[in-house]
Amino acid sequence: MDSARFSRLLEISGPVSRETFDRLVAFEGIFRRWSRRINLAAPSTLNDLWERHILDSAQLLRLAPDALQWLDVGSGGGFPGAVMAILLAEKSGAEVHLVESNRKKAAFLVSALNEVGVAPRVHARRIEDTYDAIGAPDIVTARALAPLPLLIELTEPWLTQGARALFHKGRDYRREVEESGNTWRFDLVEHEDKVDAAAIILEVSNPLRR
């Protein structure tokens, strides 16, 4: 079972160590334990937690393998931010910031990452209150947080400094792209979601308000 899951992780994310895999497995167990007490993810998705949440997050590594500075906004239960923090823990100079205003969820992120041996950089604040606290990331991520027009609005201060955004989106993404075009001009790359055939990962950069 473990060897099959490790092989699938390598297929999705690219090269990672066995220790990194073990940390992800440990995180999965901690997530399930905390989920009995606080709502970290929809209960209907917990049976497929590894594929639906962990691997779905891990695929971002393949899209930006050389990026060292990552920022995840609206981190919730840690997808993709905590997963990226674990994947990059052994990489020299890598740093992942997680922004989550819900204090219970922020406490989970700190506790879970500490428990798997990853130094957490969790900001229990609203996204708008972290602009001065977090420098210039290479990559900004968000998953199941907000419609694309609002995501661009929230992350504009970093994107205009040169960061690229990787946003998980569902089958309705074309409508969100069209709506964003009413307010913004931006560069867009559509990446195939390697885990969910009905989803997409949007790479957004260089936003300019119309």
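Pairing each residue of segment 139-151 that is without any contact (Cβ under 8 Å) to a residue 60 or more places away in the chain and aliphatic (A, V, I, L, M) with any residue that is open to solvent by less than 10 Å² (accessible area, probe 1.4 Å) and assigned to a helix (DSSP H, G or I), provided the two are 6+ apart or on different chains, yields C-beta distances under 8 Å for LEU148/SER180. Inside segment 184-205, residues that are exposed (fewer than 15 other Cβ atoms within 10 Å of the Cβ) and among the polar types (S, T, N, Q) make up a count of 0. Residue count for segment 4-57, restricted to those that are in contact with a Leu (Cβ under 8 Å, 6 or more places away or on another chain), in a helix (DSSP H, G or I), under 20 Å from SER111 (Cβ atoms) and small (Gly, Ala, Ser): 1.
Number of residues in segment 100-127 that are in contact with a Pro (Cβ under 9 Å, 6 or more places away or on another chain) and farther than 12 Å from ALA26 by Cα: the value is 3.
Among the residues of segment 68-84, those identified as open to solvent by 10 Å² or more (accessible area, probe 1.4 Å) and either over 30 Å from ASN39 (Cβ atoms) or not in a loop (DSSP other than H, G, I, E, B) (or both) are LEU68, GLN69.
When PHE108 is tested against (1) crowded, with 20+ Cβ neighbours inside 10 Å; (2) under 23 Å from GLU90 (Cα atoms); (3) in contact with a strand residue (DSSP E or B) (Cβ under 8 Å, 6 or more places away or on another chain), only condition (3) is not met.
Of all the criteria given as (1) surrounded by fewer than 16 Cβ atoms within 10 Å (Cβ to Cβ); (2) closer than 27 Å to GLU90 by Cα; (3) of a type outside the set (A, V, I, L, M, F, W, C), the one not satisfied by THR45 is (2). Here LEU150 fulfils each of the conditions (1) more than 27 Å from PHE6 (Cα to Cα); (2) in contact with a strand residue (DSSP E or B) (Cβ under 9 Å, 6 or more places away or on another chain); (3) of a type outside the set (Phe, Trp, Tyr) apart from (2).
Given the structure, is LEU68 within 16 Å of ALA89 (Cβ to Cβ) and touching a Pro at 6+ places or on another chain (Cβ under 6 Å)? Judged against the criteria, LEU68 is not a match.
When LYS104, LYS91 are checked against the criterion of being under 18 Å from ASP138 (Cα atoms) and of a type in the set (Lys, Arg), LYS91 stands alone in meeting it. Looking across segment 127-152 at every residue that is more than 12 Å from GLY76 (Cα to Cα) and among the charged types (D, E, K, R), the one that is most open to solvent (accessible area, probe 1.4 Å) is identified as ASP132.
Under 13 Å from SER205 (Cα atoms) and either surrounded by 13 or more Cβ atoms within 10 Å (Cβ to Cβ) or touching a residue at least 24 places away in the same chain (Cβ under 8 Å) (or both): does that describe THR155? Don't jump to the end; show me each part of the working.
On the way: under 13 Å from SER205 (Cα atoms): yes; either surrounded by 13 or more Cβ atoms within 10 Å (Cβ to Cβ) or touching a residue at least 24 places away in the same chain (Cβ under 8 Å) (or both): yes.
Answer is yes for this residue.
For segment 5-24, the candidate set comprises residues that are closer than 17 Å to LYS194 by Cβ and of a type in the set (Ser, Thr, Tyr); within that set, the residue that is surrounded by the fewest Cβ atoms within 10 Å (Cβ to Cβ) is SER7.
The values are calculated or read from the model by the stated rules, or taken from the named source; none is laboratory data. Because the structure is a prediction, the values reported are computed rather than measured. Methodologically, a virtual Cβ is constructed for each residue, glycine included, from the backbone with ideal geometry; neighbour enumeration extends over all protein chains shown. Note: accessible area is taken over every heavy atom of the protein model, side chains too, but ligands, DNA and RNA are not part of it. Shrake-Rupley method; radii C 1.70, N 1.55, O 1.52, S 1.80 Å.
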